[in-house]
Amino acid sequence: METLEQILVRENKITEEQLQKVMAQGNGKSIGRRLVEMGYIAEEDMLKIMSRTLNIPYIKISELKENTEASSNNGEAAISLKDIPKLDDRIPVKFMKEYKIFPLKIDNNTLTLTMADPLDIPTMDEIRLITGYDIKICISGENEILDVIEKHYGTGATTMERIIGDMSEEEIDLMGGEAEEETEHLKDLASEAPVIKLVNLIINRAVEIGASDIHVEPFEGDMKIRYRVDGVLQDVESPPKKLQSAVVSRIKIMSKLNIAERRLPQDGRIRFKSMGKNIDMRVSTLPTIYGESIVMRILDRGGVVLELEKLGFPSKELKQFENLISKPYGMLLVTGPTGSGKTTTLYTALHKINSPDIKIITIEDPVEYQMYGINQLHVKPQIGLTFANGLRSIVRQDPDVIMVGEIRDPETADIAIQSALTGHMVFSTVHTNDAAGAITRLQDMGVESFLISSALLGVLAQRLVRVICKNCKAPVRLEKSSLDELGVKEGLGSFTVYEGKGCDECSNTGYRGRVGIFELLVINDDIRRLILQKTSANIIKEKAREHGMITLREDGWNKVKQGVTTISEVLRVTLEEEL
């Protein structure tokens, strides 16, 4: 019979090399537990494989409700929170915590338990002896078991509170120190197990809920942890102010930054294994009056959508965009504010056209995702490697396609345009509110209008709107004031709109995930004439609409009618215009 480790290797959940590393540790914990703690596999994946291998039900305790029943993953009898017996008079709470067990229900003379380690036979025998019940075993996550023990038998402490509870008062007081001479001592404390666990918990929770950024913010009386989920910041459980220096130092150590330097901003990068996934994080520190503020941008390489069809393009615009990116030379720009998905769209376009007969080179600040078969260059202004200088060298590398992370200055704009005119396909981004605004932005940078009209093939403006949660999606009454605010002239009764009511699946926000809304300006002869005449962006936009271009608000409104998003989301990310 195969062991659990052999099954994990066979199913490509872990590598043989990872298994050997874990087995070499031999710290008394089970191999499965060590694999999870080292980030080689997500705990849930591990538990599901154990459940299948041992034919023991897997119970996700967090999904048990007070009044609704939840069954285990292999069809066992349903269990709800109302079934949970109080057995602390027979099984001490300390014993439950030490051996990670929790009683789920008593049926006739059978006690159903959930355990983190279902192979712990001595513990099962002891429970059978002290309770007098027959024992039936389920399997659950270790932290879930500890959380539910606290909820039913303890103080209600969360995982974070338990980690902090493991620190002595003396350690916490020392961590509050800011003096220069305490740097070495702070470095030692930041390398202690409780602080490591605390920072790992903050990162793992962010990855678990799909956050794009983690904000660690110092204030006068406390420190705040906030996650940006689907483009919106959310407050989450935060450590006490006294742990601020230790948490910040731990993050700086992970990012290979100088923990003694607290007066200047620093930038770093973390490579992290979380829930079985490789996570890259871009780390930025900023000194504020109450300490260093840290923002960690989570770059989940496995979570990047690289299919144009899944980004949210309307069918007509999708065909037009695919046609533009397949051109042999010219320039295609993507516009929008920071966080609007421009880089993802460009990566997806590159992935679509990437083939052995095409050489693609990118210059970015920073390289967010590594793509196979594409040469990627990271700008380093401190040594003179700017977008403009890098672009000059790239052109000499005989590329077919060039991606410039952003056109920020006249020099970069000029070289990019010249590259497009000399037989290269150039992709880039600019920060403008709409598609037509990109043309005037290039003109403002000093690029001649005749060069723009010759080189530019199209401009894509985009935003990201949150998608209504499918689990709690429900029709709502549409108010005329909402239509007026959006600028819609359609009647009220001709369609149904939806909103999310809020549920556990979407953390009670009513939204889960994001999708793009797009405005694609294709440069045709009429638009070229207007560019040569240095016409304003508004006139170019109106001419493009005459040729069938849909605006950001129009695409947003179409997605509202399709039940994808809400009017409030479209209003949040777009400028006022009449539809």
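Couple of notes before you dig in:
- Shape analysis of region 191-283 places it in the rounded category; the axes a ≥ b ≥ c from the Cα gyration tensor give an a/c below 1.5.
- Less than 5 angstrom separates the built amide H of Met403 from those of Ile361, Thr362, Ile363, Phe427, all sequence-distant by 5 or more or on a different chain.
- For region 470-483, 3J(HN,Hα) per residue [Karplus equation, 6.51 cos²θ - 1.76 cosθ + 1.60, θ = phi - 60°, Hz, x = Gly/Pro]: 5, 6, 10, 5, 8, x, 10, 6, 9, 8, 4, 4, 5, 5
- Restraint check, Lys316/Lys541; Lys13/Lys48; Lys352/Lys561; Lys94/Lys241; Lys489/Lys541; Lys13/Lys342, Cα-Cα greater than 22 Å: Lys352/Lys561; Lys94/Lys241; Lys13/Lys342
- Share of carbon and sulfur in the accessible area of region 248-302 stands at 53%, probe radius 1.4 Å.
- Relative to the longest principal axis of the Cα atoms of the chain, helix 552-561 runs at roughly 50 degrees.
- Using a probe radius of 1.4 angstrom, the carbon and sulfur fraction of the accessible surface of region 379-512 is 44%.
- Shape class for region 394-530: prolate, because the ratio a/c of the largest to smallest gyration tensor axis (alpha-carbon atoms, square roots of eigenvalues) is 1.5 or more and a/b beats b/c.
- Cα gyration tensor shape of region 405-459, rounded if a/c is under 1.5, else prolate or oblate by comparing a/b with b/c: rounded
- If you take the Cα centroid of region 535-579 and the Cα centroid of region 305-338, the two points sit 17 Å apart.
- Residue-normalised accessible area of region 454-499, given per residue in Å² at a 1.4 Å probe: 51
- Entries of Lys224/Lys277; Lys100/Lys136; Lys310/Lys543; Lys60/Lys501; Lys86/Lys151 with Cα pairs more than 19 Å apart: Lys224/Lys277; Lys310/Lys543; Lys60/Lys501
- Note on region 475-523: Cα convex hull, mean projected area over all directions, 5.4 nm².
- Percent breakdown of C-alpha pair distances by 5 Å bin, ordered from the shortest bin, for region 335-396: 4, 16, 24, 23, 21, 10, 2
- Charge dipole magnitude, Cβ of K and R +1, D and E -1 - region 210-353, Cα centre, debye nearest 20: 440
- Computed over the chain, the ratio Rg/Rh where both radii use C-alpha atoms and Rh is Kirkwood: 1.02
- Among 377-389, 559-571, the order from most to least packed when residues are scored by Cβ within 10 Å on average: 559-571, 377-389
- Leading residue at positive end of dipole, the chain (Cβ point charges), from Gly141, Ser315, Leu350: Ser315
- Between the listed residues Leu129, Ala420, Ile567, the Cα displaced farthest toward the positive end of the dipole of the chain, a dipole computed from Cβ unit charges relative to the Cα centre, is found at Ala420.
- Shape metrics for region 260-382, restricted to C-alpha atoms - Rg then Dmax, Å: 17.6, 55
- Top positive-direction residue, dipole computed over region 264-377 with Cβ charges, set Gly336, Asn375, Tyr290: Asn375
- Averaged per residue, region 354-420 has 49 square angstrom of accessible surface, using a 1.4 angstrom probe with ligands and nucleic acids left out.
- DSSP bridge analysis restricted to the chain gives an antiparallel fraction near 65%, rounded to the nearest 5.
- In order along region 416-425, phi translates into HN-Hα couplings of 4, 5, 4, 5, 5, 7, 9, x, 10, 8 Hz, rounded to whole numbers, per the Karplus curve 6.51 cos²θ - 1.76 cosθ + 1.60 with θ = phi - 60° and x for Gly and Pro.
- Size of charge dipole - the chain - debye, nearest 20, with Cβ of Lys, Arg +1 and Asp, Glu -1, no other charges: 1360
- For region 100-144, the solvent-accessible area with a 1.4 angstrom probe is 43 square angstrom per residue.
- In this Cβ point-charge picture (+1 for Lys and Arg, -1 for Asp and Glu), region 348-482 has a dipole of about 800 debye about its Cα centre.
- With helices as the sole contributors, the chain gives -11000 deg cm²/dmol at 222 nm; each DSSP H run of n ≥ 4 counts as -39500 (n - 2.57), and the sum is divided by every residue.
The values are calculated or read from the model by the stated rules, or taken from the named source; none is laboratory data. No experiment lies behind these values; they were computed from the predicted model shown. Counting neighbours? That spans all protein chains shown, and the Cβs are built from the backbone with ideal geometry, glycine included. Heavy atoms of the whole protein, side chains included, go into the accessibility calculation; ligands, DNA and RNA do not. Shrake-Rupley method; radii C 1.70, N 1.55, O 1.52, S 1.80 Å.
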